[in-house]
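Trainee: One structure coming up, written as structure tokens, with questions to follow.
The values are calculated or read from the model by the stated rules, or taken from the named source; none is laboratory data. Predicted model only: the values in this text are computed from it and were never measured. Positions of Cβ are generated from backbone atoms using ideal geometry, with glycine treated the same way; all protein chains shown enter the neighbour counts.
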Amino acid sequence: METSASRRFKQNVPLLWMFIPGAVFYLLFKYTPMAGLVIAFKDYNLYDGIVRSPWVGLDHFRLIFSNDLTIDIIVNTLWLSLLRLVVGFPFPILLALLLNEVRATWFKRSVQTMVFLPHFFSWVIVGGIVLTLFSQESGSLNILLERWFGYTHSFMYQVPSWITIYLGSGIWKEAGFSAIIYMAALAAIDPVLYEAAAIDGASKWRQIWHITLPGVSTVVVMMLILSMGSIMEVSFDQIYILGNPAVSSVSEVISTWVYQLGLQGGQFSLTTAMGLFESLVGLLLILTANQIARRMGKELW
């Protein structure tokens, strides 16, 4: 006699087949390479390989945390990541709320296309657009400033303006695509709730505050928890393209340091130790954020 478990398994066979490619991808390209993390505890060289390279324990970690330069790099990474989270995280939510209130279908689709499109541009293209706008010598904005006021401004070479451009370009590129998730959550809210609120005399702002925001709060918390996992990660492409020596005091981050010292300098063990530290901090932040969310009844797992 067929049990309920076997019946459920047969019903889910198509889903399991769909799951297999994703599982194989993560096993091959995410979990298997983690065995290479052992070189963070070895004096790795290409001749001896991973197995025969001498064991040095925590020496690379001591070197990282005893060097003022690496400490500054970690601080820069945290600073830029926190700014990106605080400034950039609300934008997709706000964009989804605004698009949700648009009733003209043609206008809504046009705006969606315009705000979603930058996500599919590489940072090479986005960086080119940013430099075309803000370059001191040939930037469109500086050409207008010189024509109207007789002077130019070094937007890309001043720390405050560079940080503003860094945050703004990141928001412009990713906010539209991230808003898709919140728009899907908004579509799941029962329209009857809005009709009942309108009958009771609730204004549009009251409807958003008491119906829309609670309706997407679970998704917001989920996205916030996932964002906490990347708090130690700053996009290498964006920093590498937009950065320059004049703003290196804030633009030198872990990803660029790993590229310069690891790939260009051959210090594989040292940069692997930094990468392992970065991953452990991200894991700790995810677990902490999930525990806080669990107290509010909105945990991810």
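Trainee: May I ask you to say which residue of Ala40, Ala35 is at pLDDT below 90, over 23 Å from the mean Cα position of the chain (by Cα) and not acidic (Asp, Glu)?
Mentor: Going through Ala40, Ala35 in turn, the sole match is Ala35.
Trainee: Here is a further query. Every residue in region 255-291 that is without any contact (Cβ under 8 Å) to a residue 12 or more places away in the chain and over 19 Å from the mean Cα position of the chain (by Cα), please.
Mentor: Gln260, Leu261, Gly262, Leu263, Gln264, Gly265, Gly266, Gln267, Gln291
Trainee: Something else: Can you say whether Gly229 is at pLDDT 85 or above and among the small types (Gly, Ala, Ser), as far as the supplied structure shows?
Mentor: Against the criterion (at pLDDT 85 or above and among the small types (Gly, Ala, Ser)), Gly229 does not qualify.
Trainee: Considering only region 1-90, give the helices (runs of 4 or more DSSP H) lying wholly within it that have at least 3 residues that are under 30 Å from Gly176 (Cβ atoms) and not hydrophobic (A, V, I, L, M, F, W, C). Quick ask: steps written out before the conclusion?
Mentor: Numbers: elements: 4-11, 13-26, 49-52, 59-65, 68-83.
Qualifying helices (runs of 4 or more DSSP H): 13-26, 68-83.
Trainee: Also: Residues that are out of contact with any Leu (no Cβ under 9 Å at 6 or more places or on another chain) and surrounded by fewer than 19 Cβ atoms within 10 Å (Cβ to Cβ): which helices (runs of 4 or more DSSP H) entirely in region 247-301 hold 2 or more of them?
Mentor: Those helices (runs of 4 or more DSSP H) span 248-251, 268-295.
Trainee: Going residue by residue through region 79-93, is there one that turns out to be in the same structural domain as Val219 (by TED's automatic domain parsing), in contact with an Asp or Glu (Cβ under 9 Å, 6 or more places away or on another chain), closer than 30 Å to Leu270 by Cβ and touching a residue at least 12 places away in the same chain (Cβ under 8 Å)?
Mentor: For region 79-93, residues in the same structural domain as Val219 (by TED's automatic domain parsing), in contact with an Asp or Glu (Cβ under 9 Å, 6 or more places away or on another chain), closer than 30 Å to Leu270 by Cβ and touching a residue at least 12 places away in the same chain (Cβ under 8 Å): present.
Trainee: Related question: Working carefully through the options Val24, Val13, Val86, find the one that is within 30 Å of Leu213 (Cβ to Cβ), β-branched (Val, Ile, Thr) and exposed (fewer than 15 other Cβ atoms within 10 Å of the Cβ).
Mentor: Being within 30 Å of Leu213 (Cβ to Cβ), β-branched (Val, Ile, Thr) and exposed (fewer than 15 other Cβ atoms within 10 Å of the Cβ) holds for just one of Val24, Val13, Val86, which is Val86.
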